[in-house]
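**Q** Take a look at the following structure, please.
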Amino acid sequence: MVTLSASVGLGGINRRPDVIAVQRLLDHADVSPGPIDGLCGRRTIMAIERFQHGVIARPDGRVDVNGPTLRRPSAAARPAPARTSPPARPTAPARPAQPARPTQPARAAPAIRPTPAGQATPPPRPSAAHPNSFWTGHTSLPSPDVNRGLTSPTSAQLTALLGDPTATRVTSNTATESVGPFRVTGLKPAMASLRAVLGQVQSELPDLYGLLGSLGMRVVRKTRGRSTYSTHSWGIALDLQVAMQTPPLGTTYSLRGLDALAPYFNRAGWYWGGGYRNVTRKDPMHFECGLALVRSFGL
């Protein structure tokens, strides 16, 4: 029986020993997760989803501690009971040997016709295994506890910590820099944290990293439908695209790629908009520095 310390898969904690344990169980169940390397990438998530069909009603690509998905591969890992051989049937009398038929001459293999000059080979059809279609696949919105231990800073708290977003205190600590897959304008310590997060994503989920884009970081404006400043005004929030796709504000779905990014940002102290408690404000493309992270900037 395998015991996990935390969840594995899409949006999971994905500690390396836990990922290796799940990869081995999937491989034993003939659902290949790719290399058993402790990295929960696209192939491992796809293997979990394939295995979950017939196990849970809605496959979600995640193995939770003591959940139904974990119990199934654990059972598959146990050796099957030995089968009892049926009693042997009585031997039938041998038939007289038949004369051998004349050997037919082997047919020549059909010639391979060359592709006419200038005619392009048709491209392969897109499938769920392609990074774009996989990471942009729609998923259910997460539960609010996805941001456990983190607090979304209010406009009043940010004003107290950083000052007015148009004041010199903020503007003098703002820059436009590359954070890896794109350039953004934001608060310098927030961008340093963002760069470290995306560096880890590049190392562990390179095919997702290559699809990431930004809709902006520092934009001085009021929160939609409210009179207070948005967290974007201080340059500590980021809106992300996956293969140029983003769910709208107040959406009823997320994207696999955004779900996969959430644990990386959460571990670095960033709060994910996909976990907002107000269902009319759900915003999976939005990631912002949590209150504790902003306090650590010391500005």
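Computed from the coordinates by the stated procedures, all read-outs in this text should not be read as laboratory data. Computed from a prediction, not measured in an experiment: that's the story for all the values here. Don't worry about glycine lacking a Cβ; one is built from the backbone with ideal geometry, like all the others, and counts go over all protein chains shown.
**Q** How large is the charge dipole for the range 150-296, taken about the Cα centre, if only the Cβ atoms of Lys, Arg (+1) and Asp, Glu (-1) carry charge, to the nearest 20 debye?
**A** The calculation lands at about 440 debye.
**Q** Let's test the formula: R0 of 35 Å, r as the Cβ-Cβ distance of N66 and T252. What FRET efficiency results, to the nearest 0.05?
**A** 0.75
**Q** Would you pull out the residues with amide H under 5 Å of L212's amide H, same chain only if 5 or more places away, H placed 1.01 Å from N?
**A** Placed amide hydrogens put A243 under 5 Å from L212.
**Q** Right, here's the next one. Could you please report the charge total around G180, scoring K, R as +1 and D, E as -1 over all other residues with beta-carbon less than 15 angstrom from its beta-carbon?
**A** -1
**Q** Out of residues 5 or more away from L141 or on other chains, whose amide H comes under 5 Å of its own, with H placed 1.01 Å from N in the peptide plane?
**A** It is S254, by chain and number.
**Q** Where the centre of each part is set by its Cα atoms, how far does the range 207-221 sit from the range 277-299, in angstrom?
**A** So the two Cα centres are separated by 15 Å.
**Q** Then there's this: Could you work out the local net charge near M191, counting Lys and Arg as +1, Asp and Glu as -1, over the other residues with Cβ closer than 11 Å to its Cβ?
**A** Every neighbour counted, the sum reads +3.
**Q** Where does the charge balance sit around G250 when Lys and Arg score +1, Asp and Glu -1, over other residues with C-beta under 9 Å from its C-beta?
**A** Values: positive: R281, K282; negative: D283.
Around G250, the surrounding residues sum to +1.
**Q** Given H placed 1.01 Å from N in the peptide plane, which residues other than close sequence neighbours of R62 have an amide H under 5 Å from its amide H?
**A** Those lying under 5 Å, H to H, from R62 are L10.
**Q** Something else now. Applying the Karplus parametrisation 6.51 cos²θ - 1.76 cosθ + 1.60 with θ = phi - 60° to the phi angles of the range 294-299, what ³J(HN,Hα) value in whole Hz is obtained for each residue in order, glycine and proline being reported as x?
**A** 4, 4, 6, 5, x, 8
**Q** What is the extension gain from H138 to S172, computed as 0.36 nm multiplied by their sequence separation minus the C-alpha to C-alpha distance, in nm to one decimal?
**A** Once the chain is fully extended between H138 and S172, it gains 8.3 nm.
**Q** How much length would be gained if the chain were fully extended between T151 and S203, taking 0.36 nm per residue of separation minus their Cα-Cα distance, in nm to one decimal?
**A** Extra length available between T151 and S203 comes to 16.0 nm.
**Q** Follow-up. Short version: ³J(HN,Hα) in whole Hz for each residue of the range 235-248, in order, from phi by Karplus 6.51 cos²θ - 1.76 cosθ + 1.60 (θ = phi - 60°), x for Gly and Pro, what are they?
**A** Karplus values, whole Hz, x for Gly and Pro: x, 10, 10, 9, 9, 10, 10, 10, 6, 6, 10, 8, x, x.
**Q** Sort out for me the Cα centre separation of the range 132-178 from the range 232-266, rounded to whole Å.
**A** 10
**Q** Does the range 150-296 come out rounded, prolate or oblate by the C-alpha gyration tensor, with a ≥ b ≥ c the root eigenvalues, rounded set by a/c under 1.5 and, if not, prolate when a/b is larger than b/c and oblate if not?
**A** The shape class here is oblate.
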